[in-house]
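Novice: Supplied in structure tokens, the structure appears directly below.
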Amino acid sequence: MGADDLDRWRAEFPILESTVYMISNSLGAMPRRAAESLAEYARAWSTRGVRAWEERWWEMAREVGDRVGAIIGAPRGSVSMHENVTTAAMVALGCVSPRPARNRIVCAAADFPSLIYLYRAQEPLGFELSVVPPEPDFTLSVERLADAIDDRTALVSFSHVLFRSSFIVDPAPVVARARQCGALVLVDG
Ligand SMILES: Cc1ncc(COP(=O)(O)O)c(C=O)c1O
């Protein structure tokens, strides 16, 4: 797709007629067609009631997931959509139980605060939290993050792009270290 093709899509986002909009990481510009989709949702709810679930809604998380999967190179059936990042992290965290020899969650203070709150809430359940501090310039040292991972680490969680500074974290060395130690990795991408 060339730059001209991309330009054509501007008309699909009404807010771009009146402003420059650069906060797509948070609440993206509303696509014009979202209004039609919301009206369709309301129509299904008002006319089909609870039947709307089995007629379509149950499948949507997977249908949309497959579309996203085609963009990010993930196999069909492996991407599931959730309401927001923090809920998705909570769902993923449900797969990890603390064991005495492996009860640590390693994360970064520079992660989005709602994720840190979620991890703090795991402490009474038996997890121990290891929070890697930010660098003075609001970047994150990948070496410090990797060094915090050891054989007691159950899960490593970090943002690919830090919300405060836009610093891009190189995931490869962190993932390599986690695999070496037998820890799972959760990336807020
Ligand atoms: C990097 C990052 N992670 C997580 C979140 C939180 O997302 P949500 O409100 O979908 O849980 C944000 C919100 O802006 C974010 O920028």
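Novice: Out of everything in the stretch 161-189 that is assigned to a helix (DSSP H, G or I) and of a type in the set (Lys, Arg), what residue ends up being surrounded by the fewest Cβ atoms within 10 Å (Cβ to Cβ)?
Specialist: This residue is Arg179.
Novice: Looking only at the stretch 82-108, filter to residues that are of a type in the set (Gly, Ala, Ser) and away from the ligand (no atom under 13 Å from the Cβ); which one of those is nearest to Trp58 (Cα to Cα)?
Specialist: The qualifying residue nearest to Trp58 (Cα to Cα) is Gly94.
Novice: Can you tell me which of (1) modelled with pLDDT of 95 or more; (2) under 28 Å from His160 (Cα atoms) is the one Leu38 doesn't meet?
Specialist: (2)
Novice: Can you pull out the helices (runs of 4 or more DSSP H) entirely within the stretch 1-102 that have at least 2 residues that are surrounded by 11 or more Cβ atoms within 10 Å (Cβ to Cβ)?
Specialist: 34-48, 58-72, 85-93
Novice: Checking the structure you have, find out if any residue of the stretch 150-160 is in contact (Cβ under 8 Å) with a residue 24 or more places away in the chain, within 11 Å of the ligand (Cβ to nearest atom), of a type outside the set (Lys, Arg) and part of a loop (DSSP other than H, G, I, E, B).
Specialist: For the stretch 150-160, residues in contact (Cβ under 8 Å) with a residue 24 or more places away in the chain, within 11 Å of the ligand (Cβ to nearest atom), of a type outside the set (Lys, Arg) and part of a loop (DSSP other than H, G, I, E, B): present.
Novice: Among (1) within 16 Å of the ligand (Cβ to nearest atom); (2) in contact (Cβ under 8 Å) with a residue 12 or more places away in the chain; (3) closer than 17 Å to Leu186 by Cα, there is one condition Pro113 misses while meeting the rest; what is its number?
Specialist: Failed condition: (2).
Novice: Among the residues that make up the stretch 113-122, is at least one of them surrounded by 12 or more Cβ atoms within 10 Å (Cβ to Cβ), part of a helix (DSSP H, G or I) and basic (Lys, Arg)?
Specialist: yes
The values are calculated or read from the model by the stated rules, or taken from the named source; none is laboratory data. In this text the structure is predicted, and so the values were computed from the model without any measurement. Using ideal geometry, Cβ is built from the backbone for each residue, glycine included, and neighbour counts are taken over all protein chains shown.
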